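Here is the structure we will look at.
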Amino acid sequence: MTTAEQSPPSRFLPESAAAVRDMVKKEHYRSEAMPVTVPDERGRFAPALLPEVFPVVVDANALRDDLLRVAAGKPRTLMLNAADGGVLRLFCAPHVLDEVERHLVKWSAQRSLDPGVVRAAWQDSIAPLLRCVEVPAGLTTVAEQQRLDYLNQPPTVSRYCDPDDVPTATLAILLNAALLSKDRAPLRAVYGHPYDHVAHAQWQSELSAVGDLGPLGRFVHTLESLLGLVGSGVFHGIAAAARRVPWPWLVVGTLTTAGAVLYLVAPETRTKVQAALGTGLSSAAVTVAEVLTQRDAARRQFETLQPVQPDSDEITRHRGPSAALARACLYRLARSPHSDQSARGLTALLRHTDDVTASEAKVRATLRALDAFAEPYRGRFQIGQPARLHLG
């Protein structure tokens with residue numbers, strides 16, 4: 001039985017369904033108008049409220065339409081709102097930033113937009129959401145490298161060849177992340193042949209949407225309604241608690257509190273409490289359960305968009321134990337709610353989730369040996385750096 005099925009019947013909450021729908025709409029509009037969250041002065045990205053983040057690798061053509069849309073004064077797309085809210089984590093290879101800078105004026109002219117306005121949208125609304133990663137070499141298996149080698153051939157060989165896309169495809173493979181691209185060549189290199197290009201195109205269409213479309217969109221909007229249930233002061237308290245308390249226990253605590261009010265408090269007292277709190281506890285119970293339901297649906301969809309990940313033994317056979325450890329670090333850090341981790345924390349996480357038995361010293365050496373990992377604060381590591389550090 002799912003959490004949603006265990007939640008209190010809706011007859012106890014006659015006002016909640018409409019209230020939740022109204023909050024979803026209001027919070028979505030509010031989030032669109034808010035500035036995006038930027039990394040701090042040392043280049044550390046903000047933590048996510050969720051227990052696991054969905055990593056996505058993007059190329060320049062996937063960013064183009066979102067950039068021009070924002071520059072034209074239209075609402076941000078689902079992809080940008082999901083990245084700003086910590087549901088998605090956007091990664092790119094360095095050449096993607098260079099390509100956007102190189103084509104920005106041409107793209108502006110195509111939409112009759114002021115290049116200065118487009119550049120401001122790029123610097124303020126898009127670039128702060130991107131994690132620029134120096135793509136490491138020597139970590140792919142034989143099968144993965146064969147696909148990348150084919151991609152690396154001149155475009156005259158095949159429509160599935162484009163050397164410019166090799167860093168992007170390699171990054172998606174190493175992070176085991178969904179690749180967002182309009183070009184079939186890198187998609188084939190990442191996913192192999194055949195791959196479900198129809199499902200991928202549908203997902204890309206959802207990310208380009210502004211309305212509530214698809215599992216990810218419903219999850220993002222429902223999450224926004226949960227965070228908008230109360231004033232900003234309480235929201236920050238929830239966020240702080242989520243960073244310290246494992247997500248399942250935070251949800252259980254919320255549902256238990258709401259459930260206690262619904263089942264243990266006398267009806268007349270409950271009415272007074274609900275009147276005093278507005279939609280507070282009653283809507284929280286409904287919305288938290290809805291968040292869990294939509295999160296599971298979004299995860300199921302996202303898992304179908306990830307490339308096949310070789311197991312640790314296969315990576316070790318092809319590239320050695322150091323490569324297997326490096327890929328495990330990349331995989332876990334890409335999804336960790338804390339954007340940065342200490343070597344000790346990451347070692348514990350790897351032992352718990354991946355049965356990786358490497359020592360803390362070995363993990364720290366791995367994090368410092370690869371340029372894909374940045375160390376914004378001494379002893380704290382994350383994947384990639386803010387775009388502004390690459391662009392200067």
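The values are calculated or read from the model by the stated rules, or taken from the named source; none is laboratory data. Keep in mind it's a predicted model, so treat the numbers as computed, not measured. Cβ placement follows ideal geometry from the backbone for every residue including glycine, while neighbour counts extend to all protein chains displayed. In case anyone asks, the SASA skips ligands and DNA or RNA and just uses the protein heavy atoms, side chains included. Shrake-Rupley method; radii C 1.70, N 1.55, O 1.52, S 1.80 Å.
Scanning the range 50-70 for residues that are within 14 Å of Asn81 (Cα to Cα), charged (D, E, K, R) and touching a residue at least 24 places away in the same chain (Cβ under 8 Å) yields a single hit, Asp66. Of the residues examined, Leu130 is not one that is at pLDDT below 95, open to solvent by less than 40 Å² (accessible area, probe 1.4 Å) and under 16 Å from the mean Cα position of the chain (by Cα). When Val96 is tested against (1) open to solvent by 80 Å² or more (accessible area, probe 1.4 Å); (2) within 24 Å of the chain's Cα centre (by Cα), exactly one condition is not met: (1).
Those helices (runs of 4 or more DSSP H) of the range 340-392 in which 3 or more residues are closer than 19 Å to Ala324 by Cα occupy 343-354, 360-369. Of all residues in the range 40-62, which are in contact with a helix residue (DSSP H, G or I) (Cβ under 6 Å, 6 or more places away or on another chain) and of a type in the set (A, V, I, L, M)? Leu49, Val53, Val57, Ala60 - these are the residues of the range 40-62 that are in contact with a helix residue (DSSP H, G or I) (Cβ under 6 Å, 6 or more places away or on another chain) and of a type in the set (A, V, I, L, M).
For (1) of a type in the set (Ser, Thr, Tyr); (2) under 20 Å from the mean Cα position of the chain (by Cα); (3) at pLDDT 90 or above, each residue gets a yes or a no:
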residue	(1), (2), (3)
Phe12	no, no, no
Ser31	yes, yes, no
Pro39	no, yes, yes
Phe45	no, yes, yes
Leu63	no, yes, yes
Val70	no, yes, yes
Leu90	no, yes, yes
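Here the range 315-339 is the region considered, the condition is being among the charged types (D, E, K, R) and either over 19 Å from the mean Cα position of the chain (by Cα) or part of a loop (DSSP other than H, G, I, E, B) (or both), and the residue that is farthest from Leu139 (Cα to Cα) is Arg317. Evaluated against (1) under 19 Å from the mean Cα position of the chain (by Cα); (2) exposed (fewer than 13 other Cβ atoms within 10 Å of the Cβ); (3) not hydrophobic (A, V, I, L, M, F, W, C), Thr170 falls short on exactly one condition, (2). Annotation note: Cβ proximity below 7 Å between a residue of the range 121-149 that is outside any loop (DSSP other than H, G, I, E, B) and a residue that is of a type in the set (Ser, Thr, Tyr) (sequence gap 6+ or interchain) occurs for Leu148/Thr140; Leu148/Thr170. If you go through the range 175-194 and keep only what is under 19 Å from Ile383 (Cβ atoms) and surrounded by 24 or more Cβ atoms within 10 Å (Cβ to Cβ), you end up with Leu175, Ala177, Ala178, Leu179, Leu180, Val190.
Against the list (1) outside any helix (DSSP H, G or I); (2) within 20 Å of Cys132 (Cβ to Cβ); (3) basic (Lys, Arg), the condition Lys74 fails is (2).
The set of residues in the range 150-197 being in a helix (DSSP H, G or I) and either at positive phi or touching a strand residue (DSSP E or B) at 6+ places or on another chain (Cβ under 8 Å) (or both) consists of Thr168, Ala169, Leu171, Ala172, Leu175, Pro186, Leu187, Val190, Tyr191. When you look at Val100, is it in a helix (DSSP H, G or I), touching a Leu at 6+ places or on another chain (Cβ under 7 Å), under 27 Å from Arg184 (Cβ atoms) and not small (Gly, Ala, Ser), yes or no? Criteria met by Val100. For Ser112, the requirement of being more than 20 Å from Gln306 (Cβ to Cβ) and open to solvent by less than 40 Å² (accessible area, probe 1.4 Å) is not met. Could you grab me the full set of residues in the range 325-347 that are open to solvent by 10 Å² or more (accessible area, probe 1.4 Å), without any contact (Cβ under 8 Å) to a residue 24 or more places away in the chain and under 23 Å from Glu314 (Cα atoms)? Matches in the range 325-347: Arg332 only.
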